Amino acid sequence: MADLTLMEKIVSLAKRRGFVYPGSEIYGGLAGTYDYGLLGVLLQENIKQIWWRMFIDEREDMYSVDAAILMNPKVWEASGHVAGFADPIEGGKMFNVMFTTSVGAGEEATPTYLRPETAGGIFANFKNVLDSMHPALPFGIGQIGKAFRNEIAPRDFLFRMREFKQMEVEYFVKESEWKKAFEEWRALMHRYAEAIGLAKGTVHELEVPPQERAHYSKRTIDFEFDYPFGRKELWGLAYRGDFDLAAHTQASGVDLSVLDEETNERFIPHVIEPSLGVDRTILAILVSAYREDTMGDEARVYLALDPKVAPIKAMVSPLLKNKPELVAKAKEVRIELQKVHPWIAWDDNGNIGKRYRRQDEIGTPFCITIDFDTLGEKPELKDTVTLRHRDTGTQERLTVLEAAKRIREAIR
Ligand code: ATP
């Protein structure tokens with residue numbers, strides 16, 4: 001394995017263990033697309049749930065939409081994407097990276113685009129949210145969903161894809177409040193990085209210089225991560241001024257201003273946008289969790305995932321598979337632990353060391369083994385189990401209730 005690069009090892013593990021498969025693989029693939037398998041789906045759900053909790057639930061000022069991916073093309077004309085969302089190809093010729101498609105049949109068919117970012121669906125619903133939820137400024141609208149870009153050179157696994165997922169917030173403020181809001185979201189993004197197990201100091205800020213920022217942005221910070229292929233953008237945080245709502249007001253003819261209750265004047269809210277890619281986050285997590293070491297004279301690979309994001313929270317195993325009393329007791333223990341979390345795996349295949357290695361490789365933080373002492377062979381150990389820790393391989397003898405508590409505390 002030593003001759004493979006870290007990225008090759010991660011891509012191979014991801015496929016072999018059911019995290020991520022290449023898209024349309026049996027037909028030779030489709031560049032820039034990937035399909036998540038069970039473990040990838042669970043990891044992704046955990047990442048999205050923690051985002052949802054920190055960016056929406058735990059705040060008092062957040063709303064949400066789940067907007068259609070297909071939108072009236074006027075949305076993307078107003079936002080500037082039709083004219084300018086392009087990358088250079090040969091000789092400086094510009095290529096618009098929005099995917100085009102058409103809606104309706106025959107002569108009725110009208111061309112439109114697959115959304116290149118989720119933000120468009122938020123701005124287009126700004127007035128709906130105002131009219132239905134009556135929020136007071138400052139407030140935000142968050143959304144998780146797919147985005148599509150016909151990237152000229154998709155590459156680096158989940159880093160540059162043609163179909164990917166974003167977790168975005170558009171946070172609406174009075175102009176005078178933008179700096180305070182910007183700092184709040186900046187700090188929250190760092191807290192989120194830590195919450196999902198990206199260690200402090202592994203996410204770096206890049207202050208984007210004025211000449212590289214969008215013309216309407218007074219401040220943009222790229223949050224970068226050290227991928228094996230270099231330090232690259234993981235997430236973005238931008239102050240977008242009043243560009244979006246002003247542009248949509250002008251293009252749609254619908255007034256998207258709000259009333260300032262103090263001055264009794266109407267104004268167009270300004271926007272702070274924390275934008276996080278789900279897939280790039282997953283890649284960063286896999287890269288930072290991947291470990292190789294030796295344990296008991298054997299080389300091993302493990303994922304040091306934070307228990308909060310680990311797809312499987314624990315594995316339960318009877319020491320021997322051909323002893324019905326052990327199997328029955330282990331099943332009981334599993335049911336007990338599944339009260340803490342549904343994803344408690346079962347493995348009774350092969351020797352116990354092999355079972356541990358299989359779980360290490362997918363980042364399962366705890367393995368629980370049921371043996372004859374659990375059944376009361378040593379009466380003082382009756383109803384205790386061994387709990388093995390993934391990173392160190394150390395084991396402790398605990399009651400089932402204590403093991404449940406360990407898991408509960410680790411995934412909170
Ligand atoms: P880059 O400069 O790398 O192309 P960007 O600045 O165009 O990225 P944004 O438009 O700011 O990216 O999108 C917000 C977030 O969406 C990014 O920070 C990233 O996490 C994610 N993202 C953007 N493009 C892709 C892609 N092609 N594949 C996977 N994730 C992406």
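Coordinate-derived values only; no laboratory data. Here the structure is a predicted model, which means the values were calculated and not measured. Glycine gets a Cβ as well: all are built from the backbone with ideal geometry, and neighbour counts include every protein chain shown.
Computed over the alpha-carbon pairs of segment 66-149, the distance histogram in 10 Å steps reads 15, 40, 30, 12, 3, 0 percent, short to long. Taking every alpha-carbon pair under 8 Å whose residues sit at least 6 apart, segment 312-411 reaches a relative contact order of 29 percent.
Label separation (Ser252 vs Phe372): 7.3 nm, computed from points 7 Å beyond Cα along the C-beta direction.
Averaging 1/r over every pair of different alpha carbons in segment 1-134 and inverting the result gives a Kirkwood radius of 18.9 Å.
Other residues within the sphere of radius under 9 Å centred on the Cβ of Glu292, judged by their own Cβ, net out at +2 (K and R +1, D and E -1). Taking every lysine pair in segment 312-411 that is 8 or more places apart or spans two chains, those with Cα atoms closer than 23 Å amount to 28. One way to sum up the overall shape of segment 312-411 is the equivalent ellipsoid from its Cα gyration tensor, whose semi-axes run 19, 15, 13 Å, largest first. Under a 5 Å amide H cut-off, with hydrogens placed 1.01 Å from N, Trp343 pairs with Lys313 among residues at least 5 apart or on other chains. Loop-located GluC sites (Glu not before Pro) across segment 253-300 with a Cβ neighbour count of 12 or fewer within 10 Å are Glu261, Glu262, with loop assigned by DSSP. Couplings 3J(HN,Hα) of segment 109-120, computed from phi: 4, 10, x, 8, 10, 7, 4, x, 7, 6, 4, x Hz, in residue order, whole Hz [Karplus 6.51 cos²θ - 1.76 cosθ + 1.60, θ = phi - 60°; x for Gly and Pro]. For segment 194-306, a Kirkwood radius taken over Cα pairs fed into Stokes-Einstein (20 °C, viscosity 1.002 mPa s) yields D = 123 µm²/s.
What trypsin sites (Lys or Arg not before Pro) in segment 180-223 are in a loop by DSSP, with at most 11 other Cβ atoms within 10 Å of the Cβ?
Counting only loop positions with at most 11 other Cβ atoms within 10 Å, the trypsin sites (Lys or Arg not before Pro) in segment 180-223 are Lys200.
Of all the options Thr263, Thr101, Thr369, the one that moves most in a Gaussian network model of the chain with Cα springs shorter than 10 angstrom is Thr263. Summing Cβ point charges (Lys, Arg +1; Asp, Glu -1) relative to the Cα centre of the chain gives a dipole of roughly 1340 debye. Here the scattering of segment 255-357 is modelled by Debye summation over its C-alpha atoms, one equal scatterer each and no solvent; at q = 0.10, 0.13, 0.16, 0.21 Å⁻¹ the log10 of I(q)/I(0) is -0.53, -0.70, -0.91, -1.15.
Here the contact order of the chain, divided by its residue count and restricted to Cα pairs under 8 Å and six or more residues apart, works out to 12 percent. When the alpha-carbon atoms of the chain are used, the pair Rg, Dmax equals 25.1, 81 angstrom.
Based on the Cβ-Cβ distance from Glu292 to Glu60, what FRET efficiency comes out when R0 is 51 Å, to the nearest 0.05? Calculated transfer efficiency: 0.70.
Give me the base-10 log of I(q)/I(0) for segment 232-298 at each q in 0.20, 0.21, 0.22 Å⁻¹, Debye formula, one uniform scatterer per Cα, rounded to two decimals. Log-scaled intensity ratios, in q order: -0.89, -0.92, -0.95. Our analysis of segment 124-194 gives Rg over Rh at 1.08, with the two radii drawn from alpha carbon positions and Rh computed by the Kirkwood formula. Helix 38-52 and the long axis of the chain differ in direction by around 50°, with both axes built from C-alpha atoms. When peptides 316-325, 248-257 are ranked by their average number of other Cβ atoms within 10 Å per residue, the highest-first order is 316-325, 248-257.
Local charge for Phe267 was computed over the other residues whose Cβ lies under 9 Å away, with Lys and Arg +1 and Asp and Glu -1, and equals -2.
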